[in-house]
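Asks: There's a structure below that I have some questions on.
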Amino acid sequence: MTKIFDWKENINELELDEISNAIKDGKLVIFPTETVYGIGASIYNDNALKNIFITKGRAQDNPLIIHVSSKEMIKDVVTDISDIENKLIDAFMPGPFTLILNKKKHISNIVSANLDTVGIRMPDSKIARTIIEKSNTPIAAPSANLSTKPSCTNLNDLLEDFNNKVPYIIDEGASKIGVESTVVKVINGIPTILRPGKITPEDIYEVTNSVNIDKNINEVKTGKVESPGMKYKHYAPSSKCLLVYMDNENDMINEINKHITKNTYVIGYKEHQNLINTNNFYSFGSINNYEEISSNIFSLLRKVDRNKPELIIIEGLKKEGLGIAIMNRLIKAASHNYIEKLDK
């Protein structure tokens, strides 16, 4: 039986004691972060780490991210931090940012998928950091969702995937950001984005005067990968999806209308609701508010998917700022079934 703790208003100290003891005892806990919910275990309990993979149905060669509560804790798990890596830590931690660093030898290969590196993140969520601090252990935690499905950003979605499969779920309400953290590795002195997120290339450039984006961020990679979200099918509902983006809004609306049948559902901009020829329209937010879209997209994909449509059509976004991260998730959600037309 899954215990659900409601911490939307405040952290219950007795329940916090129970959670920290559960983590020390090798149990799994689903907890909120500012990005999406995570399913976590102590990095020092191999059986608990293996249970994360089993519970999610996650491939063993897909590395986990280690969550810490302080900069001092970072030094417990990684080594050889360079000046530029320290700049990134100072600028973006705590926050929706993961940095790939050289792990210390005592860190389990289960966490790192047998790599010499590991992703480190310090959440901006008070609840997440309090749990880590109280448990006195870094916590390995991928997003809380069954493998391949959209990440969970609210309690109902968590219960759909994990009710009676994990001992504890901590509810803080809807996730604020709604997409996973930006993952960066410094390569040849240049911060390189392996997975886009809320921290944008512009944010990183402002700190380091250099930034690269992995040219394959929207592709499915083979072989070893250092960041989650790079290798396998991710973020996808069960229904077939079509992602459409065109710089010209009228062209985009016309293209979407061409693909609509009786059992087609559309997720898109609220400004376009009356221009798209279906009653099965769900708005993910305003064309001028990517933060709103980011916080809604995963929960809407799940909500629409429950209707078992023949096709879900999703309006795309301009690939700039936070739009890079949202489009990265949507391209993968649509299994690369993507129509794009950019103005030259």
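Asks: Arranged from highest to lowest average of other beta-carbon atoms within 10 Å per residue, in what order do the peptides 303-313, 166-176, 131-141 appear? Can you show the working numbers first?
Replies: Values: 303-313: 17.3, 166-176: 19.4, 131-141: 22.1.
The peptides rank, most packed first, as 131-141, 166-176, 303-313.
Asks: Between E15 and D76, take the C-beta separation as r, use R0 = 22 Å, and let me know the FRET efficiency to the nearest 0.05.
Replies: 0.25
Asks: For V78, what residues show an amide H to amide H distance below 5 Å, using hydrogens built from the backbone and excluding near sequence neighbours?
Replies: Here the answer is K104, since their amide H atoms fall under 5 Å of that of V78.
Asks: In whole percent, how big is the carbon plus sulfur part of the accessible area of the chain, probe 1.4 Å, protein atoms only?
Replies: 44
Asks: Show that you can apply the helix-only estimate: for the chain, add -39,500 (n - 2.57) for every DSSP H stretch of four or more residues, divide by all residues, and state [θ] at 222 nm to the nearest 500.
Replies: -9000 deg cm²/dmol
Asks: What residues qualify as long-range amide H neighbours of A236, i.e. H under 5 Å apart, gap of 5 or more or another chain, H built at 1.01 Å from N?
Replies: K149
Asks: Continuing with this model, one more query. Could you calculate the FRET efficiency of E133 with K270 from 1/(1 + (r/R0)^6), where r is the beta carbon distance between them and R0 is 41 Å, rounded to 0.05? Provide the component values of the computation, followed by the final result.
Replies: On the way: r = 40 Å, r/R0 = 0.99.
Efficiency, from the Cβ-Cβ distance: 0.50.
Asks: What residues qualify as long-range amide H neighbours of I339, i.e. H under 5 Å apart, gap of 5 or more or another chain, H built at 1.01 Å from N?
Replies: Amide H neighbours of I339, under 5 Å, 5+ apart: L243, V244, Y245.
Asks: Probe of 1.4 angstrom, ligands and nucleic acids ignored: what's the accessible area per residue over region 181-300, in square angstrom?
Replies: I get 47 Å² per residue for region 181-300.
Asks: Of all beta bridges DSSP finds with both residues in the chain, what is the antiparallel percent, to the nearest 5?
Replies: If I count the DSSP bridges inside the chain, around 40 percent turn out antiparallel.
Asks: Now for a separate question. Grab the other residues whose beta carbon is less than 13 angstrom from that of I139, score K and R as +1, D and E as -1, and report the net.
Replies: +3
Asks: May I ask you to order 78-84, 2-8, 183-189 by the average number of other C-beta atoms within 10 Å around their residues, highest value first? Kindly include the intermediate steps, with their values, before the conclusion.
Replies: Numbers: 78-84: 13.4, 2-8: 15.3, 183-189: 17.9.
Descending packing order for the listed peptides: 183-189, 2-8, 78-84.
Asks: Hey, got the dipole for the chain? About the Cα centre, +1 on K and R Cβ, -1 on D and E Cβ, debye to the nearest 20?
Replies: 1100
Asks: Here's something else I'd like to know. Which pairs in the list K56/K165; K319/K341; K27/K50; K50/K71; K270/K303 are over 19 Å apart, alpha-carbon to alpha-carbon? If you can, show how the numbers build up before the last one.
Replies: Numbers: K56/K165 10 Å; K319/K341 12 Å; K27/K50 11 Å; K50/K71 26 Å; K270/K303 17 Å.
Among K56/K165; K319/K341; K27/K50; K50/K71; K270/K303, the Cα-Cα distance tops 19 Å for K50/K71.
The values are calculated or read from the model by the stated rules, or taken from the named source; none is laboratory data. Source: prediction; values computed, not measured. Ideal geometry is used to build each Cβ from the backbone, glycine not excepted, and the neighbour counts take in all protein chains shown. Side chains are part of the model used for accessible areas, which takes the heavy atoms of the whole protein and leaves out ligands, DNA and RNA. Shrake-Rupley method; radii C 1.70, N 1.55, O 1.52, S 1.80 Å.
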